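Following: one structure in structure tokens, then a few remarks.
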């Protein structure tokens, strides 16, 4: 939820931030780029860090860095300092996100992973509300980041209280970077195709989810001439549908078959993007957008929770770190490509572009369900605790 709060707050706070620091509005892209660079740098090696320090210490260190970064955000007088804080916050998030997901994947059932990501959605929804409320109350945007830093402190205390549970899923220490690939291959045999397919799946999924959410408002207002209020409501509905379905899947728990649900998720996104592009009237287009949000909802947490099915338990943290890094690259690359296409061809290209991404997601998902399966005779993963 704290990760979602930070992500959701930045866009709403940016107009006030850039006014205070006398920055052009386009510099938001530089701040996001710094955060992405930090996230990629730490998520790709998060498994190794957890193996060296222990799960609890690595999460505590990341939460401490995140708290400091948010504090710098609140106090920064210069753009250069702001970029440094964004980089540090990305480093913290790139360690916390795969670290917690690895812990959940190894110690809990799929319903918990859906609940985890549902809480991210709640945070992403509350972040803009927090900033807007403070600004409407004539408070500074800096106070919002003080609140966020306080929330990060709560994360650190939570890790301290539950450090034994987190340490129980600490990955095995890898002897060296050179031998990491060989170790992954020997502890549970899997074809390189499986790893490539998994990384591509996270790459295109996050590009689809975030790309649709980021570009929908521009398409609805500038491209389809809807009012700002209605367009904003529809985009909020997109994220709301994504959050609500994740919480619903978490509530239903193991009564749902994950393979069928992943197939339905990918297929539903294709149907939703097709309706959103067709858009014979506002109602059909809105249904399509909401369908995309609801269909995408269970995909990311379920894909993460399936990682122990095809890779040995000691290597889950490393692979989830790679998957998180691939997801982050997908957000930056595919949303950036959308911007290039819009600049060259106009907003009308968004419909077919998003539909093509959803079709790629479906194709990769069907292939992944065939390839990313636990080999017979493989080393078993940690058993999840019994359902309450």
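Values quoted throughout were computed directly from the atomic coordinates according to the rules given, and no laboratory measurement underlies them. Everything quoted here is computed from the prediction, not taken from an experiment. In this analysis, Cβ positions are derived from the backbone assuming ideal geometry, glycine residues included, and neighbour counts consider all displayed protein chains.
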Computed E for residue 41/residue 157 - FRET, C-beta separation, R0 22 angstrom, nearest 0.05: 0.25
Between residue 244 and residue 79, what length in nm is gained on full extension when 0.36 nm per residue of separation is reduced by their alpha carbon distance? 55.7 nm
What are the extents of the Cα atoms of segment 24-72 along their three principal axes, listed from largest to smallest and rounded to whole Å? 42, 23, 8
Using all C-alpha to C-alpha distances in segment 79-176, build P(r) with 10 Å bins and read off the rounded percent in each one. 12, 35, 34, 16, 4, 0
Rank the residues 103, 22 as a footprinting-exposure proxy: fewest other Cβ atoms within 10 Å of their Cβ go first. 22, 103
Pairwise FRET efficiency - residue 345 versus residue 271, Cβ, R0 = 35 Å, nearest 0.05: 0.90
Send over the per residue convex hull volume for segment 2-171, Cα only, as a whole number of Å³. 100 Å³
Quick check: the distance between the Cα centres of segment 247-291 and segment 99-165, to the nearest angstrom? 26 Å
The answer for the per residue Cα convex hull volume of segment 187-371, in Å³, is 110 Å³
Computed FRET value (nearest 0.05) for residue 225 with residue 333, which takes r as the C-beta separation and R₀ as 30 Å: 0.50
Contour excess over end-to-end distance, with Cα ends at residue 165 and residue 147 and 0.36 nm allotted per residue: 3.7 nm
State, to one decimal in nm, how far the label point of residue 20 lies from the label point of residue 252, with both points 7 Å from Cα in the Cβ direction. 4.4 nm
For 353, 205, ascending order of other Cβ atoms within 10 Å (fewest first) is 353, 205
Please give the peptides 78-89, 285-296 ranked by average Cβ packing (other Cβ atoms within 10 Å per residue), highest first, as a rough proxy for protection. 285-296, 78-89
For residue 68 and residue 139, compute 0.36 nm times the residue count separating them, minus their Cα-Cα distance, and round to one decimal in nm. 23.4 nm
Quick one: which of 218-225, 32-39 comes out on top by average Cβ neighbours within 10 Å, and what's the full order, highest first? 32-39, 218-225
Residue exposure sequence - 7, 257, 167 - by fewest surrounding Cβ within 10 Å: 257, 167, 7
